[in-house]
Amino acid sequence: MQKPALHPDIPFLGKFHSLALEVERTYGVPALATLAQHVLEAGRDNKNRFFNYFGVKADKRWTGATQDQLTWEWHKDNKQAGRYGADFIRLEPYQGGFKYHVRQRFRAYESPRAAYLDRGKFLRDNPRYRAAFQTKDPAEFCRRIAAAGYATDNQYANKLVTMVAQLGKKLPLVPSTKPDAPALRPSEGHQQEPV
């Protein structure tokens, strides 16, 4: 008899939950908020070969490795292409505004752990996200980082909160999240395909 297929959240949570807990202990970012943002920004299959699971851009303060990726930004009007210069690709109507498809530079990491810890530090050290750290509730934390401008998507908060609820329902099914169960360790050597 064939075993039923696991919901895709179960292996994902088994692989990354311990990292999210480490970020929670180290930086105060709720683990479910971290996991929800990982899924929303990079999906469950983790094909980003440089482990940037959270869409953290490489601005002028970043001195580490980088990667150029295709992404999109949401703006209310269709007059923003100039701000992206040669990196602008195309424009399409989206959610009461416009989706600008662009090429942008993102942070690159050597491992999933490096990506998780840097994202926690990035949020903790950035004054614009200070209000998020005044709550321990993962959904409210997500609302607050969205309100602070983490992403341009005008539905970002709703998407994160929905993902927090979805992952929260699956978390008790993951062996590493049950009391007295051995923790599952993420695979640090996981190779990913380029986007």
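Exactly one condition in (1) touching a Lys or Arg at 6+ places or on another chain (Cβ under 8 Å); (2) assigned to a loop (DSSP other than H, G, I, E, B) is not met by Thr71; state its number.
Failing condition for Thr71: (2).
Those residues that are surrounded by fewer than 19 Cβ atoms within 10 Å (Cβ to Cβ) and without any contact (Cβ under 8 Å) to a residue 60 or more places away in the chain, I need them from the range 107-134; list them, please.
Answer for the range 107-134, where residues must be surrounded by fewer than 19 Cβ atoms within 10 Å (Cβ to Cβ) and without any contact (Cβ under 8 Å) to a residue 60 or more places away in the chain: Glu110, Asp125, Asn126, Pro127, Arg128, Arg130, Ala131, Gln134.
Give me the residue from the range 6-62 that is of a type in the set (Lys, Arg), outside any helix (DSSP H, G or I) and without any contact (Cβ under 8 Å) to a residue 24 or more places away in the chain and, out of that set, surrounded by the most Cβ atoms within 10 Å (Cβ to Cβ).
From the range 6-62, those of a type in the set (Lys, Arg) are 15, 25, 44, 47, 49, 57, 60-61; that's our starting set.
Checking which are outside any helix (DSSP H, G or I) leaves us with 44, 47, 49, 57, 60-61.
Those left that are additionally without any contact (Cβ under 8 Å) to a residue 24 or more places away in the chain: 60-61.
Values: Lys60: 5, Arg61: 8.
Among them, the one singled out is Arg61.
Would you confirm whether or not the range 14-31 contains a residue that is among the hydroxyl-bearing types (Ser, Thr, Tyr) and at pLDDT below 90?
Applying the first criterion (among the hydroxyl-bearing types (Ser, Thr, Tyr)) to the range 14-31 yields 18, 26-27.
Cutting the leftovers down to at pLDDT below 90 gives us none.
Checking the range 14-31: not a single residue is among the hydroxyl-bearing types (Ser, Thr, Tyr) and at pLDDT below 90.
The values are calculated or read from the model by the stated rules, or taken from the named source; none is laboratory data. Worth saying up front: this structure is predicted, and the values here are computed from it rather than measured. Methodologically, a virtual Cβ is constructed for each residue, glycine included, from the backbone with ideal geometry; neighbour enumeration extends over all protein chains shown.
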